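The values are calculated or read from the model by the stated rules, or taken from the named source; none is laboratory data. Keep in mind that what you see is a predicted model, and the values were worked out from it rather than measured. Cβ: placed from backbone, ideal geometry, glycine included. Neighbour counts: every protein chain shown.
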Amino acid sequence: MNRDMKDFNDNELVTLSLEGDEIAFGILVKRYEVQMYRTAKGIVLSYDAANDVTQRGFLKCWEKLDTFNSNHKFFSWLYRIIVNESLNYLRTVKNHTEITPDYTNEESPLNHLLKTELLQSLASSIDNLSEEHRIVIQLRHFEGLSYEEIADVLDINQKTVKSRLYAARMNLRDMLLSE
């Protein structure tokens, strides 16, 4: 019985990709492109830059696919590439484009204004965190990664992840309370 390639696990798709099957790699891209884009956007704080970072990340993934260790999770390896590409982008850019969330379908203009102000305040506070704190907040709260997955992606131990998350949350709390 032939399986649809979309049902293949990541390691099977990597193996096929290494054999030159571009369709298999395309499935990996489709499987993770939204998560990788969100991660990049959360770090670089710009829609356009996140697109560029994500594309460069997938290109680097394709170029370095032969270095992937199948004893590890593919998505963790890919996250690490995207995080590194995002950090490389930040190193080359001095000023970030400020992103204002677009919220629609609010029940009243007052609720819309209050919610928008609260979310802008939170987004601004997150933007003002250090890179290492912003990254762990992004991976944990916006991408839903576990402590173990974050540790794997960032190549640090879980205690360091927990410590950074705690410090980031305390910094956020202090910033929000000072407003």
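Gly144 versus (1) within 17 Å of Thr39 (Cα to Cα); (2) assigned to a helix (DSSP H, G or I); (3) of a type outside the set (A, V, I, L, M, F, W, C): which is the lone unmet condition?
(2)
From Val34, Val83, which residue is assigned to a helix (DSSP H, G or I) and surrounded by 14 or more Cβ atoms within 10 Å (Cβ to Cβ)? Steps first, please.
On the way: Val34 fails: surrounded by 14 or more Cβ atoms within 10 Å (Cβ to Cβ).
Every option except Val83 fails the conditions.
Go through the stretch 128-165 and give me each residue that's β-branched (Val, Ile, Thr) and under 13 Å from Ile43 (Cβ atoms). Spell out how you get there, then give the answer.
Quick first cut of the stretch 128-165, residues β-branched (Val, Ile, Thr) only: 135-137, 150, 153, 156, 160-161.
Correct list: Ile135, Val136, Ile137, Val153.
Quick one: Leu78 ticks every box in (1) closer than 22 Å to Ser146 by Cα; (2) not in a helix (DSSP H, G or I) bar one, so which box is it?
With respect to (1) closer than 22 Å to Ser146 by Cα; (2) not in a helix (DSSP H, G or I), Leu78 is out only on (2).
It is to be established whether one or more residues within the stretch 143-153 are in contact with a Gly (Cβ under 9 Å, 6 or more places away or on another chain) and surrounded by 16 or more Cβ atoms within 10 Å (Cβ to Cβ).
Narrowing the stretch 143-153 to residues in contact with a Gly (Cβ under 9 Å, 6 or more places away or on another chain): 143.
Imposing the further condition that a residue be surrounded by 16 or more Cβ atoms within 10 Å (Cβ to Cβ) reduces the set to 143.
For the stretch 143-153, residues in contact with a Gly (Cβ under 9 Å, 6 or more places away or on another chain) and surrounded by 16 or more Cβ atoms within 10 Å (Cβ to Cβ): present.
Within the stretch 113-122, is even one residue at pLDDT below 90 and under 23 Å from Val34 (Cβ atoms)?
Restricting attention to the stretch 113-122, the residues satisfying the condition of being at pLDDT below 90 are 113-122.
Retained after the next criterion (residues that are under 23 Å from Val34 (Cβ atoms)): 119, 122.
Yes: one or more hits.
If we scan the stretch 91-98, do we find a residue that is in a helix (DSSP H, G or I), out of contact with any Pro (no Cβ under 6 Å at 6 or more places or on another chain) and either modelled with pLDDT of 85 or more or among the hydroxyl-bearing types (Ser, Thr, Tyr) (or both)? Can you show your working first?
First, pick out the residues of the stretch 91-98 that are in a helix (DSSP H, G or I): 91-92.
The next check asks that each one be out of contact with any Pro (no Cβ under 6 Å at 6 or more places or on another chain); those that pass are 91-92.
Right, trim to either modelled with pLDDT of 85 or more or among the hydroxyl-bearing types (Ser, Thr, Tyr) (or both) and you get 92.
Within the stretch 91-98, one or more residues are in a helix (DSSP H, G or I), out of contact with any Pro (no Cβ under 6 Å at 6 or more places or on another chain) and either modelled with pLDDT of 85 or more or among the hydroxyl-bearing types (Ser, Thr, Tyr) (or both).
Please identify the pairs in which a residue from the stretch 42-58 that is on the phi > 0 side of the Ramachandran plot has its Cβ atom under 7 Å from the Cβ atom of a residue that is not aliphatic (A, V, I, L, M), counting only partners at least 6 apart or on another chain.
These pairs meet every condition: Leu45/His96; Leu45/Thr97; Leu45/Asp127.
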